[in-house]
Amino acid sequence: MAKAKKTVFFCQNCGYESGKWMGQCPGCREWNTFVEETVTPSSGSSSKRNVDRGQNEPVQLSKVQMNEDERTTTGIGELDRVLGGGIVQGSLVLVGGDPGIGKSTLLLQVCRQLALQGRQVLYISGEESLRQIKLRAQRIGDISDNLLLLCETNLEIIRSIIEKKKPDVVIIDSIQTMYNEEVSSAPGSVSQVRESTGVLMQIAKGLGVSIFIVGHVTKDGNVAGPRVLEHMVDTVLYFEGDRHASYRILRGVKNRFGSTNEIGVFEMRDVGLVEVQNPSEYMLNGKPEGASGSIVACSIEGSRPILIEIQALVCNTNFGLPRRTAAGTDYNRVNLLMAVLEKRVGMNLSNCDAYVNIAGGIKMNEPAIDLGILLAVVSSYKDIVISDKTIAFGEVGLSGEVRAVTMAEQRVMEAKKLGFETVILPKSCMGNLKNVKGIRLVAVSSVKEAIAAIR
Ligand code: TYD
Ligand code: MG
C-alpha cells in the first residue's frame, strides 16, 4: 500500500516544523508564520541502493590526496578573500541579502570574469527575463560567449541541462523561485526551498560543479523562510549595506573552506560593483572635524583591521525614561558601557538620552570597539573634542578595567598607515608592540585613565 501523504506545518521564518498549527513559533517567536505543507515520505530505497553499491571504504587521513589547484579565482579580489581564496570545485555557496542590494549584479560580474578566463558558466534566472539580464550585463562590460543564460524554474529541467552542458560554475538566481515537481507546496515555501537546495547539493557534489545560490532575506535578516538552508550549503555569504550609501559589504558567515567573518567591501557604481581597495579610508570619509562626540575606533573583521568612526549624542531627557539607541552596534552593549560610566566614573547618565551610531551604516560587534563607544559618549556628555588624529580600541569590563584585545599590532599599524598620531589602547597589549615606532601609544588600564587621555 502506498504511504499516505503527510501534512506538516512549517514556520516560514525559521523553518520550525510542527504537526499542528500554532499561533506563535516556539523557535523564533514570530506570530502567524505557520503554513501547512504536504511532504511526501521518501521510499527508503536510496539508502539501500548506497549499501548495495558498497564502494565507499574508510581511508587513512594521511592517504587523502590534496589537489592544490582546486580553487578558481574569481578575478574579484574582495570576493576571493571572503570565499577563502577562490571558488572550490563542487561547492555550494549561498549569497543572501536584501532585495536590490546587488546580488544579481555581483554574480553576473563573477560570471563575466570566469567566462573571460575560459570557464563555462551557466546563469539560471527565475526572476528576470533574458532581456533584463542583458540590460544589466551591458552596464558591467563585454561578456564572452562562454557565459550561457537560461530562464527556468523547474529543477528537473535544470538538472538535465547541467548534465548535458557540464558547466564549471552555475548561478541560481534565486532559490525562492525554484521548484521541484515532487514537492507539492509553492515555490519559496520551506519544504520547497529545502528540497531544491538538496537537489542542487547532489548536482554540485555529484558532477563537481560549483553552484552559487541567491537567497532573499526578510526584514529581520534571515534568508526568507529557510534558515534551514544555512546548514545545508558549504558557504554562506551575506550582503549588507545601507540603502542610502553606495558601499556594500559582503560578509562570510559560514565557510567550510576558509575562515569566517572575513568581509569584502564594494561600492555600487554605474558600472556595477567596484572593489574598495582601502576600506578604512573609505569608511572615514566625511568625518567631521572639531566636533565632540566622535572618535575613530578599530575593529578586526576577519583578518584585517578596519577603522570606523563612532558617534554619540548625549543630551538631557525630557521624559522620565531616558531614550537610548544604537545603530550599527549592540544596543545592550551600549547600555552596559553607560552603566560602567555611571558606576565607575560617577557620571550621572541616568537622566540623559543617548544615541550611538557607527558612521556609514556598517555593523560592528567586536568588543574592541567598547573603548571607542565609551569615549564617544564621554566626549559628547562633557563636550570635549577628541583630536581627529586619535584612535582608541580595547574591551571594557564591568569593573571599569580596559582589557586586552587580539591583533593589537595590526590595529596600530593600520592607524599609522592612515596618518593617525595617537592610539589609546589597553596596557596589557603593550607587550606585543615592542617594534612599533612613529606613533604615540597611550596605554591605559582603566576607563578613568582613558578619559584622562582625551582631555
Ligand atoms: P540587483 O543586483 O538587481 O539586486 P538583487 O539581485 O540583490 O535584488 O541590484 C540592483 C540595484 O543595483 C539597483 O537598485 C540598481 C543598482 N545598480 C547600479 O547602481 N549600478 C549597476 O551597474 C547595476 C547593474 C545596478
Ligand atoms: Mg536579483
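The values are calculated or read from the model by the stated rules, or taken from the named source; none is laboratory data. Not measured: the values here are computed from a predicted model. Every residue, glycine as well, gets a Cβ built from its backbone with ideal geometry; the counts of neighbours run over all protein chains shown. Only protein heavy atoms, including side chains, enter the accessible area calculation; ligands, DNA and RNA are left aside. Shrake-Rupley method; radii C 1.70, N 1.55, O 1.52, S 1.80 Å.
Give G102, G97 a once-over and let me know the one that is open to solvent by less than 30 Å² (accessible area, probe 1.4 Å) and under 22 Å from L200 (Cα atoms). Criteria check complete, one pass: G97. Selection within segment 425-455: residues that are closer than 14 Å to A297 by Cα and within 29 Å of the chain's Cα centre (by Cα). The member of this set that is surrounded by the fewest Cβ atoms within 10 Å (Cβ to Cβ) is P426.
Scanning segment 322-379 for residues that are touching a helix residue (DSSP H, G or I) at 6+ places or on another chain (Cβ under 9 Å), more than 18 Å from V396 (Cα to Cα) and either outside the structural domain of S292 (by TED's automatic domain parsing) or part of a helix (DSSP H, G or I) (or both) turns up A359, G360. Residues that are open to solvent by less than 40 Å² (accessible area, probe 1.4 Å) and in contact (Cβ under 8 Å) with a residue 60 or more places away in the chain within segment 307-330 comprise L307, I308, I310, A312, V314, listed in sequence order.
Per-residue answers, yes or no, for (1) farther than 26 Å from T317 by Cα; (2) open to solvent by less than 10 Å² (accessible area, probe 1.4 Å):
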site	(1), (2)
V356	no, yes
A359	no, no
E366	yes, no
L371	no, yes
L375	no, yes
V378	no, yes
A408	yes, yes
R411	yes, yes
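Within segment 49-72, being at pLDDT below 65, exposed (fewer than 10 other Cβ atoms within 10 Å of the Cβ) and not in a loop (DSSP other than H, G, I, E, B) holds for R49, V51, D52, R53, E68, D69. Residue pairs whose Cβ atoms lie under 6 Å apart, sitting 6 or more positions apart in sequence or on different chains, and linking a residue in segment 422-445 that is within 19 Å of K389 (Cα to Cα) to a partner that is assigned to a helix (DSSP H, G or I) and open to solvent by 70 Å² or more (accessible area, probe 1.4 Å), are I439/K416; A443/K427. The condition (being closer than 25 Å to L83 by Cβ, among the charged types (D, E, K, R), open to solvent by 50 Å² or more (accessible area, probe 1.4 Å) and at pLDDT 90 or above) is satisfied by just one residue among E267, E281, E275: E275.
Against the numbered list (1) over 18 Å from the mean Cα position of the chain (by Cα); (2) of a type outside the set (S, T, N, Q); (3) under 20 Å from G208 (Cα atoms), D145 comes up short only at (3). The number of residues in segment 75-125 that are closer than 20 Å to V276 by Cα and among the polar types (S, T, N, Q) comes to 4. For segment 118-127, the criterion of being farther than 22 Å from G208 by Cα and within 14 Å of ligand 2 (Cβ to nearest atom) is met by at least one residue. Screening segment 83-175 for helices (runs of 4 or more DSSP H) wholly inside it with 2 or more residues that are touching a residue at least 60 places away in the same chain (Cβ under 8 Å) and either within 16 Å of ligand 1 (Cβ to nearest atom) or among the β-branched types (V, I, T) (or both) returns the ranges 103-116, 130-140. Close contacts from segment 12-38, counting a first residue that is under 14 Å from V193 (Cα atoms) and a second that is open to solvent by 40 Å² or more (accessible area, probe 1.4 Å) and not in a loop (DSSP other than H, G, I, E, B), with Cβ to Cβ under 6 Å and a gap of 6+ residues or different chains, come to Q12/V35; T38/T7. Do the conditions hold for G188, that is, is it within 16 Å of ligand 2 (Cβ to nearest atom), among the small types (G, A, S) and open to solvent by 10 Å² or more (accessible area, probe 1.4 Å)? So G188 fits the description; yes. Listed by first and then second residue, the pairs with beta-carbon distance under 7 Å, at least 6 apart or on different chains, first residue in segment 360-377 and within 23 Å of R248 (Cα to Cα), second of a type in the set (V, I, T) and open to solvent by less than 10 Å² (accessible area, probe 1.4 Å), are I362/I249; I362/I308; M364/I308; M364/I358; I369/I310. Report the residue count in segment 381-404 for those that are open to solvent by less than 20 Å² (accessible area, probe 1.4 Å) and either assigned to a helix (DSSP H, G or I) or closer than 14 Å to P426 by Cα (or both). Result for segment 381-404: 8. If you check I158, I171 for being farther than 23 Å from G272 by Cα, of a type outside the set (K, R) and open to solvent by less than 60 Å² (accessible area, probe 1.4 Å), only one passes: I158. Out of all the residues in segment 203-217, is one or more surrounded by fewer than 17 Cβ atoms within 10 Å (Cβ to Cβ) and in contact with a helix residue (DSSP H, G or I) (Cβ under 6 Å, 6 or more places away or on another chain)? Checked against the condition, which is being surrounded by fewer than 17 Cβ atoms within 10 Å (Cβ to Cβ) and in contact with a helix residue (DSSP H, G or I) (Cβ under 6 Å, 6 or more places away or on another chain), segment 203-217 yields no hits at all.
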